[in-house]
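To start, the structure itself, in structure tokens.
The values are calculated or read from the model by the stated rules, or taken from the named source; none is laboratory data. What you see is a predicted model; the values in this text were computed from it and never measured. In this analysis, Cβ positions are derived from the backbone assuming ideal geometry, glycine residues included, and neighbour counts consider all displayed protein chains. These area figures cover heavy atoms from the full protein model, side chains too; ligands, DNA and RNA do not enter into them. Shrake-Rupley method; radii C 1.70, N 1.55, O 1.52, S 1.80 Å.
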Amino acid sequence: MIATVSLSGTAHAASTGEPRPWGSNDYGQGQGGVPVTALGASAVSAGALTHLALKDGGVIAWGNNSYQQADVPAAATSGVSAIAAGWAHELALKNGGVIAWGNGFYGQNVVPAAATSGVTAISTSAYFNLALKTNGSVLSWGSRTAVPSTVSSGVSAISAGGDHGLALKNGGVIAWGSNGKGQITVPAAATSGVSAISAGFRHSIALKNGGVIAWGDNFYGQATVPPEAQSGVVAIDAGFNHNVALKSDGSVFAWGSNVKQESRDTSTEPPTDFWKFSGVCTPVYAVSAGDSTGVALVDPNAPYFC
């Protein structure tokens, strides 16, 4: 999913920097796996198995390639304005049209005709994608294709979760899809004044007046907002089971699942912030959360130990 923001794996242009991942490195997507060609990237997007960077309009991918998701198609090597990494499938936005490649279990790599032009934003997470059109309407394809009539106009932002979607309309969050953990039961606080949204696997977060609002699955504490994320936040992104927040001072804070050291170890005193050990040190320009992993776009001169 971000000061520029990566929302739900969707990233937009930012100051150029060095992508620095942390957390899971099961597929070479973590520390040591970033290609040297990604230095000077303007955006990053963390997927489940593969990460993306955007540099000079071209997409760079690294990590797992079981579904050819790391083989960037020729069409995505120039002119791209936004990227989004999912579960073994990837999206790029170019001249208002979506490019998709990689895993296609549910047809998420087959772009519908309506998404080939007039698109202003893209988002993906697990097995479905969302696109925002210039007229404020939302498109969905892959494992989830239906959207509510309330997102047929006036939408300003989108975010795709595991099996639920979020839209921002007139400062209020609209949610649809699976609700097994209450991830689409929008709290009253998120019905107005919201500036950003991000959907995790089975939880959701929103940004309002510099503070994060969270709801849905809380098995890993991802829906319990810590004091550090209650003020001074300028951008947010929900991973599968953890969240990251970009603060106004250019620092990062992450909480929730920590199975791959993607978050904060609260068993120590003081707690250990693992992303700092991956060189995610200020100033941070953008950050994106994936499945037990994250990627930050950092000043290349930033130290590797904060």
Q: May I ask you to verify whether Leu54 is over 17 Å from Val287 (Cβ atoms) and surrounded by 24 or more Cβ atoms within 10 Å (Cβ to Cβ)?
A: no
Q: Taking Thr77 as the residue in question, decide whether it is within 20 Å of the chain's Cα centre (by Cα), modelled with pLDDT of 95 or more and either within 21 Å of Gln29 (Cβ to Cβ) or surrounded by 24 or more Cβ atoms within 10 Å (Cβ to Cβ) (or both).
A: no
**Q.** the range 193-250, residues that are more than 11 Å from the chain's Cα centre (by Cα), within 24 Å of Ala84 (Cα to Cα) and of a type in the set (Phe, Trp, Tyr)
**A.** Phe201, Trp215
Q.
Out of everything in the range 99-116 that is of a type in the set (A, V, I, L, M) and either in contact with a strand residue (DSSP E or B) (Cβ under 6 Å, 6 or more places away or on another chain) or not in a loop (DSSP other than H, G, I, E, B) (or both), what residue ends up being most open to solvent (accessible area, probe 1.4 Å)?
A. Ala113
Q | Pick from the range 227-239, criterion open to solvent by 20 Å² or more (accessible area, probe 1.4 Å) and outside any strand (DSSP E or B), ranking: farthest from Ile122 (Cα to Cα) | A | Pro227
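Can you tell me which residues in the range 188-217 are farther than 15 Å from Ala167 by Cβ and either basic (Lys, Arg) or not in a strand (DSSP E or B) (or both)?
Ala188, Ala189, Gly193, Gly200, Phe201, Arg202, Lys208, Asn209, Gly210, Asp217, listed by residue number.
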Q | Checking Trp176 against (1) closer than 22 Å to Ala100 by Cβ; (2) out of contact with any Gly (no Cβ under 8 Å at 6 or more places or on another chain); (3) surrounded by fewer than 22 Cβ atoms within 10 Å (Cβ to Cβ); (4) not charged (D, E, K, R), the condition it does not meet | A | (2)
Q) For the range 80-98, which residues satisfy the criterion of being in a loop (DSSP other than H, G, I, E, B), more than 23 Å from Gly200 (Cβ to Cβ) and open to solvent by less than 40 Å² (accessible area, probe 1.4 Å)? A) Gly96
(Q) Looking only at the range 19-46, how many residues end up being under 15 Å from the mean Cα position of the chain (by Cα) and part of a helix (DSSP H, G or I)? (A) 0
Q | Candidate set from the range 253-266 (those that are open to solvent by 10 Å² or more (accessible area, probe 1.4 Å), over 15 Å from Ser204 (Cα atoms) and of a type outside the set (Asp, Glu)); member that is modelled with the lowest pLDDT | A | Thr266
Q: Quick one: count up the residues across the range 117-157 that are surrounded by 19 or more Cβ atoms within 10 Å (Cβ to Cβ), of a type in the set (Val, Ile, Thr) and closer than 16 Å to Ala92 by Cα.
A: 3
Q: Consider Thr120 carefully, then state whether it is hydroxyl-bearing (Ser, Thr, Tyr), out of contact with any helix residue (DSSP H, G or I) (no Cβ under 8 Å at 6 or more places or on another chain) and farther than 22 Å from Gly63 by Cβ.
A: yes
